[in-house]
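The values are calculated or read from the model by the stated rules, or taken from the named source; none is laboratory data. Just so it is clear, the structure is predicted and the values come from calculations on it, not from any experiment. As a convention, Cβ positions derive from the backbone with ideal geometry for all residues, glycine included, and neighbour counts pool all protein chains shown. In case anyone asks, the SASA skips ligands and DNA or RNA and just uses the protein heavy atoms, side chains included. Shrake-Rupley method; radii C 1.70, N 1.55, O 1.52, S 1.80 Å.
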Amino acid sequence: MSYHSVKLIKRPELEITEDIFNIVTQDIPTPAEGEVLVKLSHLSLDPAMRGWMSADENSYIPPVKLGDTMRASGIGEVVKSNNERFPVGARVMGLMGLTEYAISDGNGLNVIPKELPAEAILSVIALPGITAYHGVFEVLKPEAGQTLIVTAAAGSVGSLVGQMAKNLGLTVVGVAGSDEKCQWLTKELGFDHAINYKDTDFVEQLTQATPNGIDLFFENTGGLAQGPIFERMNPHGRIAVCGLIADYQKAEPAPGPSWVGIIKRRLSIQGFTMPDHFHRIPEYGQALGSMLGKGELKYRTHVIEGIENATSGINLLFDGKNTGKLIVKL
């Protein structure tokens with residue numbers, strides 16, 4: 001019996017090209033003492049994977065080594081077990097990589113309910129959900145009546161951020177890259193306003209949507225929208241910097257806002273990444289599962305079939321062509 005996995009064989013120069021990967025066929029391994037063998041059913045493609053491919057050792061998580069299986073979150077079933085914490089038949093989630101089968105010693109694995117659809121778990125309870133939850137509740141700490149703006153608002157993280165804020169009684173403005181995405185944000189998710197950053201009158205629309213300024217900014221993209229949003233920030237506003245996808249495939253990142261504005265407005269700006277907080281996944285997962293069960297969070301997915309399509313499909317994230325949480329179904 002054999003399986004396929006995706007190996008990272010060279011670093012991307014700027015854009016992710018298929019030649020940096022190699023899809024290999026291997027014999028299905030046997031778990032050693034304390035290990036489990038997991039058969040993956042669904043894999044998650046996320047913007048953070050671009051950073052994991054780089055050679056930068058001065059980051060929040062070590063880069064993937066050349067020749068290793070590409071790092072990715074996934075869901076699967078334990079099919080062989082030498083670890084009593086994960087019996088055969090258990091459904092698990094973790095960073096098991098772009099692979100059809102994975103060996104694990106259990107570190108970083110979490111047992112998940114069998115009754116929830118995989119798409120719901122990867123869209124809400126996995127990395128997007130815990131990122132949104134931490135950014136909203138632990139970094140921004142919103143209060144009812146405030147105005148929150150989120151970029152990449154139609155993405156897997158941003159869409160959850162906006163819904164959480166609406167459920168707390170905030171005015172929510174989303175920024176996205178197409179009219180279709182903006183309509184989904186307002187008509188389906190209940191955002192108060194959604195603005196296409198590509199519109200020539202983006203600044204005017206932003207001003208109209210935020211007559212009382214912006215208290216909280218969940219930054220996911222960088223790029224064209226960042227400067228005008230920064231200029232609308234209220235004194236003592238808070239900014240959570242979660243991603244800068246507009247700069248991930250550039251040789252030099254775009255310049256950020258002036259520190260003079262940070263001083264004048266007395267802003268608090270915090271960057272965060274979730275590996276620092278993985279120990280809180282059970283806590284966050286329970287809270288997100290409760291929100292999902294109550295119907296407080298909606299999501300949509302963009303599913304790709306087959307591991308062989310993962311290497312090209314990941315660029316949908318950077319082209320803005322995905323229409324929901326990007327998932328590979330095996």
Checklist entry - Is there any pair linking a residue in region 260-282 that is assigned to a helix (DSSP H, G or I) to one that is open to solvent by 60 Å² or more (accessible area, probe 1.4 Å), with Cβ under 6 Å and at least six apart or on different chains, and which? => result 265/235; 275/60
Item to check | Tally, over region 48-106, of residues that are touching a Phe, Trp or Tyr at 6+ places or on another chain (Cβ under 9 Å), part of a loop (DSSP other than H, G, I, E, B) and over 25 Å from residue 157 (Cβ atoms) | outcome: 2
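This table checks each residue for (1) modelled with pLDDT of 95 or more; (2) within 23 Å of residue 220 (Cα to Cα); (3) among the β-branched types (Val, Ile, Thr); (4) touching a Ser or Thr at 6+ places or on another chain (Cβ under 7 Å).
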| position | (1), (2), (3), (4) |
| --- | --- |
| 12 | no, yes, no, no |
| 26 | yes, no, no, yes |
| 36 | yes, no, yes, yes |
| 61 | no, yes, yes, no |
| 69 | yes, no, yes, yes |
| 72 | yes, yes, no, yes |
| 92 | yes, no, yes, no |
| 97 | yes, no, no, yes |
| 107 | no, no, no, no |
Checklist entry - Within region 44-58, can one find any residue that is within 21 Å of residue 282 (Cα to Cα), basic (Lys, Arg) and either in contact (Cβ under 8 Å) with a residue 24 or more places away in the chain or in contact with a strand residue (DSSP E or B) (Cβ under 7 Å, 6 or more places away or on another chain) (or both)? => result no
Next on the checklist: Between 50, 71, which is basic (Lys, Arg) and closer than 19 Å to residue 3 by Cα?
Outcome noted: 71
Checklist outcome for this item: Filtering region 161-180 down to residues that are in contact (Cβ under 8 Å) with a residue 60 or more places away in the chain, closer than 18 Å to residue 196 by Cα and crowded, with 17+ Cβ neighbours inside 10 Å yields 177
Checklist outcome for this item: Those residues of region 136-158 that are part of a helix (DSSP H, G or I) and not hydrophobic (A, V, I, L, M, F, W, C) come to a total of 2
Checklist entry - What number of residues within region 107-128 satisfy the criterion of being assigned to a loop (DSSP other than H, G, I, E, B) and either in contact with a His (Cβ under 8 Å, 6 or more places away or on another chain) or surrounded by fewer than 23 Cβ atoms within 10 Å (Cβ to Cβ) (or both)? => result 9
